[in-house]
1. For region A:79-176, give the magnitude of the charge dipole about the Cα centre (Cβ charges: +1 Lys/Arg, -1 Asp/Glu; no others), in debye to the nearest 20.
2. Starting with the fewest neighbours, write out A:247, A:58 ranked by other beta-carbon atoms found within 10 Å of each beta-carbon.
3. I'd like the FRET efficiency for residue A:75 and residue B:75, computed as 1/(1 + (r/R0)^6) with the beta carbon distance as r and R0 of 35 Å, rounded to 0.05.
4. Normalising by the residue count of region A:108-215, find the relative contact order in percent from Cα pairs under 8 Å and 6+ residues apart.
5. Going by average Cβ neighbours within 10 Å, how do the peptides A:134-146, A:162-174, A:18-30 rank, with the highest at the top?
6. Looking only at other chains, what is the average number of their beta-carbon atoms within 10 angstrom of each beta-carbon in B:63-69?
7. How shielded is B:33-40 by partner chains, expressed as the average number of their Cβ atoms within 10 Å of its Cβ atoms?
8. For residue B:65, what is the net charge nearby, where nearby means another residue's Cβ is under 15 Å from its Cβ and Lys, Arg count +1, Asp, Glu -1?
Amino acid sequence: MAEFLINSVGFPEWLAWTVTAVVAAVLILNVIAGGALVFIWAERKIAARIQDRLGPTRTGGRFGWLQSLADGIKLIAKEDLMPEGADGMLFRLAPYVSFCASFCAFIALPFAFDFVGQRLNVGVFFVVAVLGLEVFGVILAGYASASKWSLFGAMREAAQVVSYEVPLGMCVVVPVMLAGSMDLVTIAEKQAGWVTNWYLFHDPFTFVIFWVYVTCAVASVNRAPFDLAEAESELVAGFHTEYSGLRWSYFFMAEYGSMFLVSALAAVLFMGGWNGPIPVARLVGLSEGTGDTANYFVRLLGMANLLGKATLGVLVMMWVRWTLPRLRIDQVMTTCLKYCTPIAAAMFAGAMLWQLMLPGGVAPGLSRPAGEIREGWLEGPGGRSAAARSSAVAGVLP
Amino acid sequence: MIPLAAIDWHSVFFFLFAALACGCAVAVVAAENVVRMALYLVLSLGATAGLFFLAGAEFVGAMQLMIYVGGTLVLLVFGVMLTAQAPFVSIKTAPGDRVLAGVIGAALLAVLLQSAFSVPEWRKPAAGRDGEPAATPLGMALLGTRVDEASAGAPGGVRSGYLLPFEIVSVHLLVVLVGAAYLARAKRRRTPRAIEVAASMEPPATVAAHAAVGREGSRGGSVLAGGAR
């Protein structure tokens, strides 16, 4: 976009880059804030339907579309309270820390081939690292609130998130291994084509590890049945007991932002990213190189695909939340350490062996997916001949 | 007014992150509350990660976020768990310790300054994606193949990577993991441990806390659940 502004509109370079950065930041902010509005309304409706109720019906027409907006206005109008014994600075800072962590993770998330805030060649790693920082705001909030409920909620969340990062990391490594890259854009591009090219259906091990990822993702964003940190039957509201008004809503925006993020990450890593189940654009002859407008249309279609998949993931999380009862803290830890981690490790080893034993990664008789061909990814900045590359591979593999 | 186009934005962001890192580092020393110290430490380390990203070293930057900032998180958890009670909320450093820390810090600073000024020429990272090091050569180098070196002609040259250090570090970490699991495992037959002997000589509130720890053994998270009953 910056190049377009410089070359076609004639902006000076600094202005073009600033405008690009601001546009990207505002768009991401809108994904989080607008997404939270829609998802809170959706959660109310889904919860109501699961419990045989109607949910919001009046505000803004038949389905209560504007309920979240009304809630937002109410939250802005609320008094901003702070407990007497609270650590003022940390108490005020905590919601922003959570929100910033959630926001930063979106920077590296690609929405379509070129629709990415900043393409990092360690995208997966960055997203997982930043996502783990969200719990920081929660701990600060729990400590600074000067309330036992908050402190216990925060400590539980810290223990849970730190534990679940281990199996989550192992799950994330498998698509990275299959794609041979940590770049989220590359990983999604390698799954282009029909639905069978998705890493979810790559081999039995990736299929299993996807469900481990789902479990760990739900736990790492503290959604039910893993919402020990805000267990209302025991801890009032957990770490945000003492918060009110807009500060409280920052925590919620961060939570819904993270939910959307882990769903989008699942879509990129396992479900083809912006590549739909049927390569519609390629079938009708629209692909990269048919012109700028067509290109843009393809990317919009891709973005709709990714947003649809991520939304589906969030809706599944809501479905799970209103269906399953909450786990006890020792059950949460058992799930992580005794089930998720060993299963993830075994599946990781299995996927690795599958790659090693079956060249091309498919069972005999099937053709190799087009996205699997990785010519030239071994080439470093220096560039090397084909013979040198094959000898390099021979040096790695016994 | 200075024309905005004339500003070297790379340097501006460098100084921004550098000032943030240094300022927060000083604040860590100056603060008296453990949790605030941890917060400043995280900000300082995060700003350092920003410097790495600015230099185009994305892998190192993400690594910094993952290991150091994430590690401080655990530190913070312990800080909160150990200092939530009144007597530990504020920690004052003894003047002697300050002098000692000052001397050591100054020595390290001198070494860093010396090496910083001995660099013949400072360059900005090359513009565009081509100049940035990708993560793949790094991974290949750790596996023993340097794809960035044109030493393919020699038969031994291909293996000039870092496989051995990588393996040593991996095995070392594995040993640490196994050791931690051994230390933290639930023990069936228990004899009174040193911590309980010490606990019996402490004020009542602390005894209760230690007794809870002892009774529950080391079942994951049971200390946290204990408070909710």
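We did not get these values from a lab; they are worked out from the coordinates using the rules stated. Because the structure is predicted, anything quoted here is derived from the model rather than measured. As a convention, Cβ positions derive from the backbone with ideal geometry for all residues, glycine included, and neighbour counts pool all protein chains shown.
1. 240 debye
2. Working: A:247 21, A:58 11.
Fewest-to-most Cβ neighbours within 10 Å comes out as A:58, A:247.
3. On the way: r = 33 Å, r/R0 = 0.96.
It comes out at approximately 0.55.
4. Details: 94 pairs, mean separation 28.1, N = 108.
Computed over region A:108-215, the figure is 26 percent.
5. On the way: A:134-146: 27.8, A:162-174: 22.6, A:18-30: 14.3.
Ranked from most to least packed, the peptides come out as A:134-146, A:162-174, A:18-30.
6. Across B:63-69, the average partner-chain Cβ count within 10 Å equals 4.
7. So the per-residue partner count for this stretch is 4.
8. -3
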